[in-house]
Amino acid sequence: MQDHLETCARYPVKCPNNCKEVISRETISSHIEDYCPLTKIPCSYAWMGCRKEVQRDELESHIQGATKGHLDLACGKLRETQEKSKEQIMYLDRLERRVTVNLELNEKLEEKLTDLQHQHHCKVDSLQQQHQRRVSILQKQLEQKVKTCQQQHQQRIGILQEQLEEVKTCQQQHQRRVGILQKQFEQKVKTCEAKLEQKISMERKILLVFMVLVLVFLWF
C-alpha cells in the first residue's frame with residue numbers, strides 16, 4: 001500500500017514551491033507552469049526587452065512599478081522598428097529599382113530573342129530552300145546518269161546480242177563444214193576401200209594365175 005501511495009498519480013501532495021496548495025501528483029507540472037503564484041515567470045514586456053522575472057502574484061505590481069522603464073523600452077523598440085522600417089523601405093526601393101532595371105533588361109532580351117528567332121527562322125527557311133534546290137538538282141543529275149547508264153547498258157546488250165548471233169552463225173557454218181568434211185572423208189574412205197579391194201582381188205587373181213603356171217610348169 002505504501003508503495004502505491006508513493007507512485008499514485010491522484011495522491012494529493014503539496015506544491016513544490018510551497019504555495020500552500022494541495023494538488024494531485026499528476027497535475028504538478030501544469031500547476032507550476034500555469035497556476036502557481038510563486039512560480040517565476042518573465043515580464044509581459046519581455047518582447048520589448050524587459051529581462052525581469054518575477055513571481056506570478058507579483059507580476060501586476062512589477063508592471064505598475066516599472067511603467068517608465070517599460071515606456072522607455074517601448075520607445076526604444078519603436079525607434080528600432082522605425083529604423084528597421086526605413087531600412088526595409090530603402091531596401092524595397094532598391095529592390096524596386098532593380099526589378100525595374102531587370103524588367104527593362106527582360107524587355108530588351110525578349111526583343112533580341114524575337115529578332116534572333118526571326119533571323120533563325122529566315123536562315124532555316126533559306127537553308128531549307130537551298131537544300132531542296134540541291135536535292136532537286138542532284139535528283140535530276142542522278143536520273144540523267146541512270147538514263148545514260150541504262151542506254152549504254154542497252155547498247156552493250158545489243159552489241160553482245162549481235163556478237164552472239166555472229167557466234168551462232170559461225171557455229172552453224174562450222175557445223176555445215178564439219179558435215180561436208182565428214183561426208184567427203186567418208187566418200188574418200190569408201191573409194192579407198194573399193195580400190196583396195198579391187199587391188200587385192202587383182203593380186204589374188206595374179207597369184208592364182210602364177211600358181212597355175214607354176215603347177216603347169218611342174219607338171220610338164
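May I ask you to verify whether LEU208 is assigned to a helix (DSSP H, G or I), over 60 Å from the mean Cα position of the chain (by Cα) and either at pLDDT 90 or above or hydrophobic (A, V, I, L, M, F, W, C) (or both)?
So LEU208 passes the test.
What do you reckon, is VAL216 on the phi < 0 side of the Ramachandran plot, out of contact with any Cys (no Cβ under 9 Å at 6 or more places or on another chain), β-branched (Val, Ile, Thr) and surrounded by 10 or more Cβ atoms within 10 Å (Cβ to Cβ)?
Judged against the criteria, VAL216 is not a match.
Regarding ARG134, is this residue in a helix (DSSP H, G or I) and within 60 Å of the chain's Cα centre (by Cα)?
Working: in a helix (DSSP H, G or I): yes; within 60 Å of the chain's Cα centre (by Cα): yes.
Answer is yes for this residue.
If you check GLU6 against the conditions, is it at negative phi, surrounded by 10 or more Cβ atoms within 10 Å (Cβ to Cβ) and either at pLDDT 90 or above or not basic (Lys, Arg) (or both)?
Answer is no for this residue.
Among the residues of the range 164-182, is there at least one that is in a helix (DSSP H, G or I) and within 60 Å of the chain's Cα centre (by Cα)? Lay out the reasoning, then the answer.
Applying the first criterion (in a helix (DSSP H, G or I)) to the range 164-182 yields 164-182.
Imposing the further condition that a residue be within 60 Å of the chain's Cα centre (by Cα) reduces the set to 164.
Yes - at least one qualifying residue is present in the range 164-182.
Go through the range 48-104 and count every residue that is within 30 Å of CYS19 (Cβ to Cβ) and either among the hydroxyl-bearing types (Ser, Thr, Tyr) or within 54 Å of the chain's Cα centre (by Cα) (or both).
Number satisfying all stated conditions: 2.
Given the options ASP57, ASP72, name the one that is acidic (Asp, Glu), surrounded by 11 or more Cβ atoms within 10 Å (Cβ to Cβ) and in contact with a Pro (Cβ under 6 Å, 6 or more places away or on another chain).
ASP57
The values are calculated or read from the model by the stated rules, or taken from the named source; none is laboratory data. In this text, all values refer to a predicted model and were calculated from it rather than measured experimentally. Because the Cβ atoms are built from the backbone with ideal geometry, glycine has one as well, and the counts that use them run over all protein chains shown.
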